[in-house]
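The structure appears right after this line, and notes come after that.
The values are calculated or read from the model by the stated rules, or taken from the named source; none is laboratory data. Please read these numbers as outputs of a predicted model, since none were measured by experiment. Note that each Cβ is placed from the backbone with ideal geometry, even for glycine, and that neighbours are counted across all protein chains shown.
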Amino acid sequence: MDLNELTITDTRTTDLILRAVAFAAHKHRDQRRKDKEASPYINHPIELAHVLWDEGAVRDPLVIAAALLHDTLEDTETSWQELRGEFGEEIADIVLEVTDTQWIKKEVRKRLQVAKARHSSERARLVKLADKICNVRDLGTRAPANWSLERKRQYYEWAREVVDRLRGTHLELERRFDEVYALKP
């Protein structure tokens, strides 16, 4: 590969990632996390991208972009068609794979997430692993203000069920999840 080709590829990748950050930031602009600080929601998708890039050495720009966009279908007025128009069908499909169906009862959604985990694409499994790592870390450091100890423990257990069905996807990310899971209250 010559240097000019590498630069073009890097420029396209950088552009994709920056567009995904900007899109997610705009879509989540009025949302806050449920921690006592009510931190900006956009911190969560950025943290997923960080976990994938820094801790998992994942360099697939489609995975990083999907991580940044992973909650836009679920938590904003974004449609799959809009994501496809902005980022292409591959990224829109990854985001769709990790999106919960909001009209289904919470307990059924959780069971469905466990059942679907193993059958997801590799890219969606990477995003899901990063999401569970971030969510479990957040429970240890900045849990939702109104969550009881029992609710936190239930989330840890459910997250472990999901990750157990993702095993074999990425050993380092799975190890990271196990580390944060070991801190379960």
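Checked against (1) more than 19 Å from VAL95 (Cα to Cα); (2) small (Gly, Ala, Ser); (3) at pLDDT below 95, ALA182 passes all but condition (3).
Here LEU126, LEU183, LEU139 are screened, and the one residue that is touching a Ser or Thr at 6+ places or on another chain (Cβ under 7 Å) and either under 20 Å from PRO45 (Cα atoms) or free of Cβ contacts under 8 Å to residues at least 60 places away in the same chain (or both) is LEU126.
Once the range 19-34 is narrowed to residues that are more than 19 Å from ALA130 (Cα to Cα) and either part of a helix (DSSP H, G or I) or free of Cβ contacts under 8 Å to residues at least 40 places away in the same chain (or both), the residue that is farthest from the chain's Cα centre (by Cα) is ASP30. Within the range 162-180, the residues that satisfy the criterion of being assigned to a helix (DSSP H, G or I), without any contact (Cβ under 8 Å) to a residue 60 or more places away in the chain and crowded, with 16+ Cβ neighbours inside 10 Å are VAL162, VAL163, ARG165, LEU166, GLU174, PHE177, VAL180. The requirement of being at pLDDT 95 or above and of a type in the set (Val, Ile, Thr) is fulfilled somewhere in the range 131-140, by at least one residue.
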